[in-house]
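The values are calculated or read from the model by the stated rules, or taken from the named source; none is laboratory data. Model, not experiment: these values are computed from the prediction. FYI the Cβ positions are ideal-geometry reconstructions off the backbone, even for glycines, and counts take in every protein chain you see.
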Amino acid sequence: MTPLQLEEHVSLRPYNTFGLDVRARYFARFASVEELRQLLARPEVQGTEKLILGGGSNVLFTQDFAGVVLKNEIKGLEIISQNTDLEVDTALLRAGAGESWHGLVEYALDQNLSGIENLSLIPGTVGAAPLQNIGAYGAELRDTFERLEALETASGQLRVFGKDECGFGYRESVFKGPLKNQFIVTAVVLRLHRTARPNVRYGALTETLADLGIEGDPTPRDVSRAVVHIRRSKLPDPAEIGNAGSFFKNPELSQAKFDQLQSQYPDLPGYPVPGGVKVPAGWLIERAGFKGQRRGEGPGTHGVHDRQALVLVNHGGATGPELRALAEEIIGAVRQQFGVELHPEVNIL
Ligand code: FAD
Ligand code: EPU
């Protein structure tokens, strides 16, 4: 058996959607749990800081990575239980953590399985999806999540986590919180529906379905098409403009704080959540004057997307520290104008 390649001083530019040119001291890929275990046993890897990388679509590198970057390429898509009992409408779909998330959505649609169509076109891998409980257009990963398999870095043991053990919240899980950097997700199992159950509660979805001429009961494929349509109209494609999606989370305010702000800003949108009101950070950032701003030399190297103020962009040539400085400036401006604290969604390294 040939040992797995452990490269040195590798540029991470192709491996992060901001397109930032930082270097990893060591870099390796793994395509199975066995390969991952072999890598973890290597002397250069043991005792060194490790970063598990999927598609690099939720990270901001602000410096070279002094440890080892392990890129997850574990593949496999399989329906592992097809309950034929007519009372039971679900099928379990197991995906290797290195599969593309959107590829999984397409696979489910091809199998006539419903439940993740609202999460179409989210970049990145299946294995990263539980880390922040990905969500969009009225759905979240946890709605269909059954369990995941993860390797404990310290012991090399595989462990199964059921939904209740993952601590899912809005863009949160135990793997971002108390268990951070302790487990490497190797597979995810979802429970999907064999009969269509489109969820079109999100306002913009209903409007877009109508605009696309889809009338009556939409199919999961229709919902996916509508989601893809909205996303392409608002969010920059990382292949063209470097970005990591929403840079900040939408803040949750107490009802009293929301009422106070709304009396000052009557058009401030808000969505009720348990214990308060969630407000769109994009609205606050736009009102603070940042939307479409460009910073840096010439026409600008980085800035705030002109169609979505929640998205920071690298127009080319930006550095991680420049993007972090812009994020900090935005946090300061929103705090000063609205008394609201913004927290990054992106993992800053
Ligand atoms: P990476 O960026 O590679 O990693 C993210 C974090 O997870 C890192 O801390 C990494 O160490 C850790 N990690 C990755 N894989 C594993 C693993 N197997 N085991 C343990 N830890 C791991 N997110 C949403 O929720 N909703 C959206 O609508 C959305 N839209 C986006 C749109 C655009 C244009 C972009 C660029 C991003 C968007 N995102 C969205 C953010 C991003 O796509 C998701 O967070 C995605 O799940 C990240 O996957 P990734 O494989 O690229 O993760
Ligand atoms: N808005 C503005 N100006 C802007 C952007 C947004 O005023 O520049 C206001 C508008 O009122 C708009 C509202 O914000 O109606 C909501 O905007 P949008 O539907 O674009 O959603 P979002 O709250 O900005 C969230 C997620 C996205 C997800 C979409 C769709 C977070 C942090 N972001 O964005 O997720 O795709 O909803 O569900 O929750 C991501 O996490 O990377 C991401 C892209």
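Points worth noting:
- Checked against (1) surrounded by fewer than 19 Cβ atoms within 10 Å (Cβ to Cβ); (2) assigned to a helix (DSSP H, G or I), P269 meets all criteria but (2).
- Selection count, segment 128-175, where residues are away from ligand 1 (no atom under 13 Å from the Cβ) and at positive phi: 2
- If you go through segment 293-316 and keep only what is touching a helix residue (DSSP H, G or I) at 6+ places or on another chain (Cβ under 6 Å) and hydrophobic (A, V, I, L, M, F, W, C), you end up with A309, L310, L312.
- Of all residues in segment 42-82, exactly one satisfies the criterion of being touching a residue at least 60 places away in the same chain (Cβ under 8 Å), of a type in the set (A, V, I, L, M, F, W, C) and surrounded by fewer than 15 Cβ atoms within 10 Å (Cβ to Cβ), namely I80.
- Comparison of E106, E87, E99 shows that the only residue that is modelled with pLDDT under 95 and within 21 Å of F145 (Cα to Cα) is E87.
- Residues that are within 15 Å of ligand 1 (Cβ to nearest atom) and surrounded by 14 or more Cβ atoms within 10 Å (Cβ to Cβ) were ranked within segment 329-347; the one that is nearest to T62 (Cα to Cα) is N347.
- Any hit, segment 3-26, residues being of a type in the set (S, T, N, Q), surrounded by fewer than 15 Cβ atoms within 10 Å (Cβ to Cβ) and closer than 27 Å to S246 by Cα: yes
- When segment 273-292 is filtered for residues that are at pLDDT below 95 and either hydroxyl-bearing (S, T, Y) or touching a helix residue (DSSP H, G or I) at 6+ places or on another chain (Cβ under 9 Å) (or both), only G275 remains.
- Matching option when the condition is of a type in the set (A, V, I, L, M), touching a residue at least 60 places away in the same chain (Cβ under 8 Å) and more than 8 Å from ligand 2 (Cβ to nearest atom), among A318, A288, A256: A318
- Every residue from segment 213-247 that is among the hydroxyl-bearing types (S, T, Y) and either outside any helix (DSSP H, G or I) or near ligand 1 (Cβ under 10 Å from one of its atoms) (or both): T219, S246
- Test: residue in segment 94-113 that is within 16 Å of ligand 2 (Cβ to nearest atom), basic (K, R) and in contact (Cβ under 8 Å) with a residue 24 or more places away in the chain: no
- Within segment 309-328, the presence of at least one residue that is assigned to a helix (DSSP H, G or I), touching a Ser or Thr at 6+ places or on another chain (Cβ under 7 Å), within 16 Å of ligand 1 (Cβ to nearest atom) and not small (G, A, S) is confirmed.
- Among the residues listed as Q336, Q262, Q308, the single one being within 20 Å of I122 (Cβ to Cβ) and among the polar types (S, T, N, Q): Q308
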